[in-house]
Structure formats: C-alpha cells, structure tokens
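A short write-up of the structure that comes next.
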Amino acid sequence: MSYMLPHLHNGWQVDQAILSEEDRVVVIRFGHDWDPTCMKMDEVLYSIAEKVAPVAIGHRAQILGC
C-alpha cells in the first residue's frame, strides 16, 4: 500500500511538507518501499489516513544509499 501515500523524493520536499502544514501533524515514514517493516507501517498509515486527516497527514520518503 505504499503507493497510496504521498511520496517525498528529496529533502526539499520533506521540508515543504512540514512547513506547509500549520494545523496538522506531519507523519513521515523514512525507509525502503521493499522493506517488510516499512510495508506494514505504510498499510497502517494508509488505513488510518481518513480518520486522522483533520489532525495529521502521512507521507513516505525513500532512504537512498543505505
């Protein structure tokens, strides 16, 4: 389900995601899309996204070079 969360491709996008939200918590999952643990986190974030939308927004960011 990782494809269902907005993907931040670089540090500038991470900064903008944080700075653009004044009233909501920004949740960013850093990791690899192929990692089973990250996949599980993405599923959980996606499953609660609608419920927490008034107070939080979730994103995913790929870790490169690790």
In the stretch 49-66, residues that are loosely packed, with under 13 Cβ neighbours inside 10 Å and basic (K, R) total 1
Please specify each residue of the stretch 1-31 satisfying the condition of being loosely packed, with under 15 Cβ neighbours inside 10 Å, more than 13 Å from A49 (Cα to Cα) and in contact with a strand residue (DSSP E or B) (Cβ under 7 Å, 6 or more places away or on another chain).
-> H7, I18, E21, F30
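Do you know which of the residues in the stretch 33-48 that are under 13 Å from the mean Cα position of the chain (by Cα) and closer than 17 Å to L64 by Cα is surrounded by the most Cβ atoms within 10 Å (Cβ to Cβ)? Give the derivation first.
Step one: list which residues in the stretch 33-48 are under 13 Å from the mean Cα position of the chain (by Cα), which gives 33, 38-48.
Pick out the ones that are also closer than 17 Å to L64 by Cα and you get 33, 38-39.
Numbers: D33: 13, C38: 18, M39: 15.
Checking each candidate, the answer is C38.
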Which of the residues belonging to the stretch 18-45 are of a type in the set (V, I, T) and outside any helix (DSSP H, G or I)?
-> V25, V26, V27, I28
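Coordinate-derived values only; no laboratory data. Treat the numbers as computed from the prediction; the structure is a model and nothing was measured. In this analysis, Cβ positions are derived from the backbone assuming ideal geometry, glycine residues included, and neighbour counts consider all displayed protein chains.
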